[in-house]
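The values are calculated or read from the model by the stated rules, or taken from the named source; none is laboratory data. The structure presented is a predicted model; accordingly, all values stated were derived computationally and were not measured. Every residue, glycine among them, receives a Cβ derived from its backbone with ideal geometry; neighbour counts consider all protein chains shown. Heads up: the accessible areas ignore ligands, DNA and RNA and are worked out on the full protein's heavy atoms, side chains in. Shrake-Rupley method; radii C 1.70, N 1.55, O 1.52, S 1.80 Å.
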Amino acid sequence: MNFGLGQDLALPSRSNRRPRAAATAAVAASVAMLTLAACSGGATSGGGGDTNFVTNTGGVQTVAKGERKAINKIAGETLEGEQLDVADLKGKIVVLNVWGSWCAPCRAEASHLVKVANDTEAQGVAFVGINTRDTNKGPAIAFEKNYEVTYPSLYDPAGKLLVNGFPKGSLNPQAIPSTIVLDRDGKIAARALTALDDKKLREMIDPLIAEK
């Protein structure tokens, strides 16, 4: 049966489709693992045996200054439709908070994040959210309005920034919510895999403010 396709129309071969399919499957598997830990306190710390993480009693992992790793590229469109690259914030202490509008612990910590963001802005601290698993922006934007969030959030519905933005063997987000703090050199200094209050946030941030 002839459907009018010319002989010169090249359809992708099965072998050409395999790398793309494999990459898509890998991202999906990683996001699925993150989903299992979403809004739970059962996640484990990441990295290998050479990471030299120190776990505090409050569930916050930190890394000594000489052992920290820089993030990979974390950039894209914010919920407000603007472009943001975390690398442009180098020189500031950056607080990365992974959240979703559907996540009850994210709602519980939101007001604390806003308070500390406002209190520490003059000290060279920048907050950036990473909104994930919201299939459209509407609920996430409503969340920001409800909690009077003034700092930007990258829109990452499929979790690609979470999977690709953090190097192997580093402190990385393994639950929702997660909070990761970068030092002034853009390196990962601390992580929490649970909802935080303002006291715990300051315990993560204040030592970095004091660093020379």
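Just a few scattered comments:
- For Asp185, Asp206, Asp134, the ranking by accessible surface with the largest value first comes to Asp185, Asp206, Asp134, using a 1.4 Å probe.
- Cleavage-rule hits (GluC sites (Glu not before Pro)) in region 116-167: DSSP loop, at most 15 neighbouring Cβ within 10 angstrom: Glu148
- Pairs spanning more than 24 Å between alpha-carbon atoms, out of Lys69/Lys212; Lys69/Lys92; Lys90/Lys145; Lys90/Lys168; Lys92/Lys200; Lys90/Lys212: Lys90/Lys145.
- Nitroxide proxy distance, nm - points 7 Å out along Cα→Cβ at Ala158 and Glu121: 3.4 nm
- Near Gly129, the amide H atoms lying under 5 Å from its own belong to Asn97, Ser153, Leu154; only residues 5 or more places off or on other chains count, and H is placed 1.01 Å from N.
- When Thr194, Thr135 are compared by accessible surface with a 1.4 Å probe, the order from highest to lowest is Thr135, Thr194.
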